[in-house]
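Here is the structure we will look at, set down as structure tokens.
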């Protein structure tokens, strides 16, 4: 491996990606300052500076609250750990029972993995960054000896990205910091650049080093010859500014980074978020709050005019303290404050309401604050409106962000042999991902509510016109309910089992009918025998009847 040539390539690529990002950096820093001060890690940031120092510019915290609320609502409505928010399916074909069982077993493994791997807190971080800056990212750390698989979020400024021809992110460079002890642990002493080896060997570990990790497509990849070196992606760790700074380079079967864009226009890989739309109002809100605070302060403790005779006199101007002056000398306010605080408060409320709408809080809280007597159909209508308000954002996230997480985890688990064997019928087939988050489940339940209403109405019509229920296909209704409610496949009988149960029931009913018929014939025969042997000569009713005839 030609380290010098490779390090030159990676440093050159880093420069290209950095140049694209730097065009937007000023805007990102402004968003951090006014909206999300606890995010961001730019190359030039002082690591010793506490992020809470950025909060000094935020007087009115409502925009910050609205932003956090939106991220929380997105997570709870679309990827809540409390529900099974995704489901695997076969494209353009109803899966067989065996295929359904396989999909559910794989889903169970992935849900367990996600729970242990810190996925859902990571997703909330990504949602917050994407809606604020337009882009959010995370990455997957492969399972190592004694260490589980982990998902970790990235923050703005830590990574640079590039799209492929399809508009999908397939190049990412990120930076992070290690001290020399951690550098040796991660890459081994033999792979550390010479300028750091001596310090490590002398036990001087207090120096920090910026490491870059890059992942991009392998342009020399040959699918037919895949091995541990020939993989679809190339991963490299390097130190910028060192001619021998290439720490590691290897192939990867998948792209381990997951990037969400809030909204995307043209060839811009970084996207646009709610934050940039709301930034003008956010800055105006903070200005109104500052002006209102200054005006209130001036009214409470105004600047005063003092006689020159008091220049050298110690005077306490705090509230309630007397001031003694002689003769015509007087203490008066330097100027009158005519700032209309009522109008300022009205303007503040108006801006807060606009921001409440910008961050979709009105959409989500409309559902939470709905009348508890609302029907499932009405609730679903509210949820449909919610999805329409978010437009293509949810669809884009599902395709570009959530689906790669699910499929990449599937590949990683398969490489470690932690998945069940796939049925032969699925070999070479495309697997689709359906999403069943809280909002989608509510819509599905509304569909079942309409179906229930149809059955009730059909029963009413049957009472008026017998035979109307012949139009109702009970078997297909039961299958539809099981599908919509995503019940475990083993809780629903197969078609063969149902046919067997029905055949057994029909046989039992036939046997019962035959037995009842035999008993009826036997009873009729006994009655005929008794009748033939009856006494017709004596004084009895039968004799009288025979005589009358």
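The values are calculated or read from the model by the stated rules, or taken from the named source; none is laboratory data. None of the values given here were measured: they were computed from a predicted structure. Methodologically, a virtual Cβ is constructed for each residue, glycine included, from the backbone with ideal geometry; neighbour enumeration extends over all protein chains shown.
Which of the residues belonging to the range 421-433 are assigned to a loop (DSSP other than H, G, I, E, B) and surrounded by 12 or more Cβ atoms within 10 Å (Cβ to Cβ)? If the condition is that a residue be assigned to a loop (DSSP other than H, G, I, E, B) and surrounded by 12 or more Cβ atoms within 10 Å (Cβ to Cβ), then 422, 423, 429 are the ones that fit. Confirm whether residue 189 is touching a helix residue (DSSP H, G or I) at 6+ places or on another chain (Cβ under 8 Å), exposed (fewer than 14 other Cβ atoms within 10 Å of the Cβ) and without any contact (Cβ under 8 Å) to a residue 40 or more places away in the chain. Here the answer is yes, as residue 189 does meet what is asked. Does the range 129-145 contain at least one residue that is assigned to a strand (DSSP E or B) and over 28 Å from residue 416 (Cα atoms)? Yes - at least one qualifying residue is present in the range 129-145. Among the residues making up the range 46-76, those that are assigned to a loop (DSSP other than H, G, I, E, B) and either surrounded by 14 or more Cβ atoms within 10 Å (Cβ to Cβ) or at pLDDT 90 or above (or both) are 58, 59, 60, 61. In the range 500-509 there is at least one residue matching the filter, namely being closer than 30 Å to residue 452 by Cβ, surrounded by 12 or more Cβ atoms within 10 Å (Cβ to Cβ) and free of Cβ contacts under 8 Å to residues at least 12 places away in the same chain.
Looking at the range 476-494 only, could you name the residues that are surrounded by 10 or more Cβ atoms within 10 Å (Cβ to Cβ), without any contact (Cβ under 8 Å) to a residue 24 or more places away in the chain and part of a helix (DSSP H, G or I)? Of everything in the range 476-494, those that are surrounded by 10 or more Cβ atoms within 10 Å (Cβ to Cβ), without any contact (Cβ under 8 Å) to a residue 24 or more places away in the chain and part of a helix (DSSP H, G or I) turn out to be 478, 479, 482, 483. Here 249, 201 are screened, and the one residue that is within 22 Å of residue 164 (Cβ to Cβ) and more than 29 Å from the chain's Cα centre (by Cα) is 249.
Residue-level analysis places residue 235 outside the set of residues that are under 23 Å from residue 135 (Cβ atoms), in contact (Cβ under 8 Å) with a residue 40 or more places away in the chain and outside any loop (DSSP other than H, G, I, E, B).
Can you confirm whether the range 157-169 contains a residue that is surrounded by fewer than 21 Cβ atoms within 10 Å (Cβ to Cβ) and under 15 Å from the mean Cα position of the chain (by Cα)? No, because not a single residue in the range 157-169 is surrounded by fewer than 21 Cβ atoms within 10 Å (Cβ to Cβ) and under 15 Å from the mean Cα position of the chain (by Cα). Restricting the range 395-415 to residues that are surrounded by fewer than 16 Cβ atoms within 10 Å (Cβ to Cβ) and modelled with pLDDT of 85 or more leaves a set whose member that is nearest to residue 254 (Cα to Cα) is 411. Hey, among the residues in the range 399-418 that are touching a residue at least 24 places away in the same chain (Cβ under 8 Å) and under 17 Å from residue 130 (Cα atoms), which one's nearest to the chain's Cα centre (by Cα)? It comes out as 402.
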